[in-house]
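Below is one structure, written out as structure tokens; comments come after it.
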Amino acid sequence: MLDKQQGARLANLWDEAKVTGMSEPEKLLYRSNLLGSDKRITNYGGGNTSAKVMEKDPLTGEMVEVLWVKGSGGDVGTIKLDGFATLYMDKLRALKGIYRGVEFEDEIVGYLPHCTFNLNPRAASIDTPLHAYVPKTHVDHMHPDAIIAIAASQNSKELTQQIFGDEIGWLPWKRPGYELGLWLEKFCLENPKARGVVLESHGLFTWGDTAKEAYETTIEIINRAIAWFEAENTAPAFGGAVKPALDSAERAAIAKRLMPIIRGLISAAEKKVGHFDDSQAVLDFVTSKNLEPLAALGTSCPDHFLRTKIRPLVVDFDPANPDIEKTVAGLSEAIVAYRADYAAYYERCKRADSPAMRDPNAVVYLVPGVGMITFAKDKATARISGEFYVNAINVMRGASGVSTYVGLPEQEAFDIEYWLLEEAKLQRMPKPKSLAGRIALVTGGAGGIGKATANRLMQEGACVVLADIDETALEAAQTELAGRYGKDFVRSVNMNVTSEAAVEAGFGDALLAFGGLDILVSNAGLASSAAIEDTTLALWSKNIDILTTGYFLVSREAFRIFRNQKAGGNVVFVASKNGLAASPGASAYCTAKAAEIHLARCLALEGASAQIRVNVVNPDAVLRGSKIWTGEWKEQRAAAYKMDVDDLEAHYRERSMLKLSVFPEDIAEAIYFLASDMSAKSTGNIVNVDAGNAQSFTR
Ligand SMILES: [Zn+2]
């Protein structure tokens with residue numbers, strides 16, 4: 001049986017009222033977004049759509065035929081009109097005159113820009129000739145799990161014939177490119193009644209005379225495949241379950257334990273971010289009899305393969321007799337063996353002009369009874385790689401249930417992975433940001449300095465976990481930062497830093513969210529003001545609890561993770577000018593802040609041999625955006641200086657040597673410096689960001 005998600009039929013979402021009055025390119029966009037809105041129809045970034053439209057040439061004023069086709073690197077679900085490339089059909093046809101044969105097909109890519117209509121800057125993709133040469137007005141190319149399950153079956157040609165008769169044709173595996181475009185054209189001319197074609201090990205082409213007809217054909221063909229599998233694929237999935245699935249809390253606990261260790265072992269060249277998936281589709285696979293043999297076959301569709309590497313690594317873990325320490329002890333050897341296998345594959349398949357071997361580490365880690373962990377250069381890529389492997393699992397479920405599943409032949413897989421055009425695309429990618437792949441946890445993350453710090457770190461590509469006790473502010477901060485940098489980059493945890501259990505749980509959530517930790521910014525705080533004889537024990541303890549014990553608890557947890565992960569670490573304490581300079585009427589606060597600074601120095605000493613750096617930023621009088629500076633403390637300080645609260649900011653400015661106000665962004669900049677490799681050789685240091693205060697000069 002297919003799983004619930006794959007088993008349900010696709011709905012026809014076409015709404016004629018919505019398309020009334022739309023131009024053809026707008027209808028193409030509407031259809032593309034509808035198709036891409038369902039991952040059963042096509043995976044993220046996979047597949048493409050096109051329409052051939054008559055338009056007025058901007059130079060001659062004559063009507064010409066223009067191909068609108070999804071451009072390079074887009075996603076049909078989220079594409080906008082500017083995501084389509086536009087090309088003159090007569091020029092695309094003229095390419096046949098210069099084509100020198102299949103061994104030179106890649107050179108045609110260089111001619112595609114010569115076919116551009118209306119100076120459209122959107123680059124045409126490698127699939128452009130496939131759409132151009134299908135002699136139909138509206139063409140869809142999708143990667144539906146149910147169709148790829150047919151395409152990846154050993155007898156896919158017979159299955160296609162059996163399910164669709166003459167309506168849908170079949171073409172043997174051929175890497176996408178110019179030649180495949182010619183094959184499609186030939187097929188259509190020889191089979192004028194066909195409504196589409198299955199491409200072996202790849203996906204589906206369908207077409208129609210109108211946008212609506214193309215859309216409805218695509219949905220109908222996929223639904224027919226889904227229905228056929230529902231009827232035919234009745235054997236237990238993947239040979240049946242032979243191992244138990246752990247319960248949800250146990251699965252999370254195992255993932256939290258494994259992720260930072262795997263991350264440390266594979267992040268030597270480039271820091272990676274992780275993603276954990278224990279959805280039902282994954283659990284069915286990782287508890288099954290055929291997990292190991294099927295995983296070893298690798299994926300089929302080239303899109304799946306490019307995202308997930310040649311094959312996943314199956315972690316040695318027995319959910320029936322869980323021994324996590326044994327699994328942990330064996331990880332290093334398993335990862336080294338995977339890398340050796342990958343290097344051997346590279347050596348076997350490389351060609352004279354192949355690019356140098358890329359990162360040999362696995363992307364997908366399957367843990368029996370637990371789920372799937374994926375690691376990539378950033379969170380979005382790790383998440384999407386996981387989604388692709390779920391597509392691959394769905395494909396294997398279908399194909400292995402009705403036939404024999406076949407992965408892509410190794411040399412074909414290699415030629416796609418190390419395709420010179422793919423390499424050129426990688427070379428064109430912008431240089432990674434300075435904190436790309438780094439994971440930070442910021443306490444007091446919803447407040448002024450904390451949020452400014454999260455913002456600064458995210459600006460440099462870091463993933464950030466905001467930790468705070470103010471649920472409302474936390475939600476607002478996460479929403480704001482997600483809106484600016486993308487949902488994948490930010491998570492939040494409710495954390496009372498004085499609670500041992502809450503700190504442990506919060507860091508655990510961070511590990512599950514991103515797979516590890518590189519940076520701790522300990523910033524959660526409060527401030528109080530009272531003469532010593534009026535300082536209650538409760539007030540004294542509150543300062544010590546939050547500022548000293550809180551900093552201790554979060555540092556201890558970070559150190560434990562850093563030592564497990566074995567990839568160094570970075571701690572930045574936000575202390576205070578008052579940690580160095582005594583201030584009247586605030587002895588509890590000043591003492592706790594001084595303890596923080598000394599704690600940082602002790603930790604710098606302890607962490608150095610493990611490449612864990614610990615440094616301090618000392619702000620002074622950061623009023624703007626601060627939750628500390630609202631209410632009581634502000635009034636207490638104003639009273640202590642015998643002035644109006646509104647005059648405080650000016651008072652502090654005038655008191656500073658530089659006569660400047662200090663803002664959260666100024667503190668965030670110093671934190672970023674200490675958290676980044678710019679300060680790689682600094683530990684045990686204090687950076688004052690206080691606009692100058694002679695009393696707090698370090699000595
Ligand atoms: Zn494709």
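The values are calculated or read from the model by the stated rules, or taken from the named source; none is laboratory data. What you see is a predicted model, and the numbers here were worked out from it, not measured in a lab. Heads up, the Cβs are rebuilt from the backbone with ideal geometry, glycines too, and the neighbour counts pull from every protein chain shown. Each accessible area value is taken on the protein alone, full model and side chains, heavy atoms only, with ligands, DNA and RNA left out. Shrake-Rupley method; radii C 1.70, N 1.55, O 1.52, S 1.80 Å.
Open to solvent by less than 10 Å² (accessible area, probe 1.4 Å) and within 20 Å of ILE561 (Cα to Cα), is that true of ILE597? Criteria not met by ILE597. Applying the criterion of being of a type in the set (D, E, K, R) and over 26 Å from GLY203 (Cβ atoms) to the residues of region 16-38, the residue that is farthest from the ligand (Cβ to nearest atom) is GLU16. Being in a helix (DSSP H, G or I) and either within 16 Å of the ligand (Cβ to nearest atom) or over 30 Å from GLY398 (Cβ atoms) (or both): is that true of LEU87 here? For LEU87, the condition - in a helix (DSSP H, G or I) and either within 16 Å of the ligand (Cβ to nearest atom) or over 30 Å from GLY398 (Cβ atoms) (or both) - is not met. When PRO192, PRO244 are checked against the criterion of being within 26 Å of THR299 (Cα to Cα) and assigned to a loop (DSSP other than H, G, I, E, B), PRO244 stands alone in meeting it. On the basis of being touching a helix residue (DSSP H, G or I) at 6+ places or on another chain (Cβ under 6 Å), open to solvent by 20 Å² or more (accessible area, probe 1.4 Å) and modelled with pLDDT under 95, does VAL687 make the cut? So VAL687 does not fit the description; no.
Filtering region 184-229 down to residues that are of a type in the set (Lys, Arg) and under 35 Å from the mean Cα position of the chain (by Cα), which residue is farthest from the ligand (Cβ to nearest atom)? Spell out how you get there, then give the answer.
Step one: list which residues in region 184-229 are of a type in the set (Lys, Arg), which gives 186, 193, 195, 212, 224.
Keeping just the survivors that are under 35 Å from the mean Cα position of the chain (by Cα) gives 212, 224.
Working: LYS212: 23, ARG224: 20 Å.
So, considering only residues that are of a type in the set (Lys, Arg) and under 35 Å from the mean Cα position of the chain (by Cα), the one farthest from the ligand (Cβ to nearest atom) is LYS212.
Applying the set (1) touching a strand residue (DSSP E or B) at 6+ places or on another chain (Cβ under 6 Å); (2) farther than 27 Å from ILE126 by Cβ; (3) open to solvent by less than 20 Å² (accessible area, probe 1.4 Å) to MET396 leaves exactly one unmet item: (2). When TRP170, TRP183 are checked against the criterion of being open to solvent by 10 Å² or more (accessible area, probe 1.4 Å) and either touching a His at 6+ places or on another chain (Cβ under 9 Å) or outside any helix (DSSP H, G or I) (or both), TRP170 stands alone in meeting it.
Considering each of ASP509, ASP518 in turn, give the residue that is acidic (Asp, Glu), open to solvent by 20 Å² or more (accessible area, probe 1.4 Å) and at negative phi. Testing whether each residue is acidic (Asp, Glu), open to solvent by 20 Å² or more (accessible area, probe 1.4 Å) and at negative phi leaves just ASP509. Can you give me the number of residues within region 7-44 that are closer than 17 Å to THR137 by Cβ and in contact with a strand residue (DSSP E or B) (Cβ under 6 Å, 6 or more places away or on another chain)? Going through region 7-44 one residue at a time, the tally reaches 4.
If you take the residues in region 320-330 that are in contact (Cβ under 8 Å) with a residue 60 or more places away in the chain and not in a loop (DSSP other than H, G, I, E, B), which one is nearest to the ligand (Cβ to nearest atom)?
Restricting attention to region 320-330, the residues satisfying the condition of being in contact (Cβ under 8 Å) with a residue 60 or more places away in the chain are 320, 322, 324, 327-328.
Next, from what is left, pick out any that are not in a loop (DSSP other than H, G, I, E, B): 324, 327-328.
Values: ILE324: 40, THR327: 37, VAL328: 39 Å.
Selected residue: THR327.
If the condition is being under 10 Å from ASP75 (Cα atoms) and of a type in the set (Gly, Ala, Ser), then region 38-64 contributes GLY45, GLY46, GLY47. Any residue in region 190-205 that's open to solvent by 10 Å² or more (accessible area, probe 1.4 Å): show its pairings with residues that are among the polar types (S, T, N, Q) and more than 12 Å from the ligand (Cβ to nearest atom) at Cβ separation under 7 Å, as long as the two are six or more apart or on different chains. Close Cβ pairs satisfying both conditions: ARG195/THR206; ARG195/THR217; GLU200/SER156. In the set TYR405, TYR418, which member is of a type in the set (Ser, Thr, Tyr) and closer than 30 Å to ASP353 by Cβ? When all the criteria are applied, what remains is TYR418. Within region 524-541, the set of residues being part of a helix (DSSP H, G or I), in contact (Cβ under 8 Å) with a residue 24 or more places away in the chain and surrounded by fewer than 18 Cβ atoms within 10 Å (Cβ to Cβ) comprises ILE532, LEU539.
Has region 283-294 got any residue that is in contact with a Phe, Trp or Tyr (Cβ under 8 Å, 6 or more places away or on another chain) and under 30 Å from SER434 (Cβ atoms)? No. Only one of the numbered conditions (1) open to solvent by 10 Å² or more (accessible area, probe 1.4 Å); (2) within 30 Å of GLU460 (Cβ to Cβ); (3) modelled with pLDDT of 95 or more is violated by MET259, and that is (1).
ILE41 satisfies every condition listed in (1) over 23 Å from MET429 (Cβ atoms); (2) open to solvent by 30 Å² or more (accessible area, probe 1.4 Å); (3) within 16 Å of the ligand (Cβ to nearest atom) except (2).
Of the listed requirements (1) away from the ligand (no atom under 12 Å from the Cβ); (2) open to solvent by less than 40 Å² (accessible area, probe 1.4 Å); (3) closer than 25 Å to LEU408 by Cα, ASN155 misses just one: (2).
Each residue in region 650-684 was checked for being buried (at least 20 other Cβ atoms within 10 Å of the Cβ) and not in a helix (DSSP H, G or I), and 2 of them qualify.
When HIS143, HIS138, HIS131 are screened for being crowded, with 21+ Cβ neighbours inside 10 Å, closer than 25 Å to ASP303 by Cβ and more than 16 Å from the ligand (Cβ to nearest atom), only HIS138 passes.
Residues in region 55-109 that are among the β-branched types (Val, Ile, Thr), open to solvent by less than 60 Å² (accessible area, probe 1.4 Å) and over 37 Å from the mean Cα position of the chain (by Cα): VAL64 only.
LEU265 falls short of the stated requirement of being modelled with pLDDT under 95, surrounded by fewer than 22 Cβ atoms within 10 Å (Cβ to Cβ) and either touching a His at 6+ places or on another chain (Cβ under 8 Å) or not in a loop (DSSP other than H, G, I, E, B) (or both). Number of residues in region 343-376 that are touching a Pro at 6+ places or on another chain (Cβ under 7 Å) and open to solvent by 10 Å² or more (accessible area, probe 1.4 Å): the value is 1.
Take the residues in region 296-319 that are more than 16 Å from the ligand (Cβ to nearest atom) and modelled with pLDDT under 95; name whichever of them is least open to solvent (accessible area, probe 1.4 Å). Top of the filtered list is GLY298.
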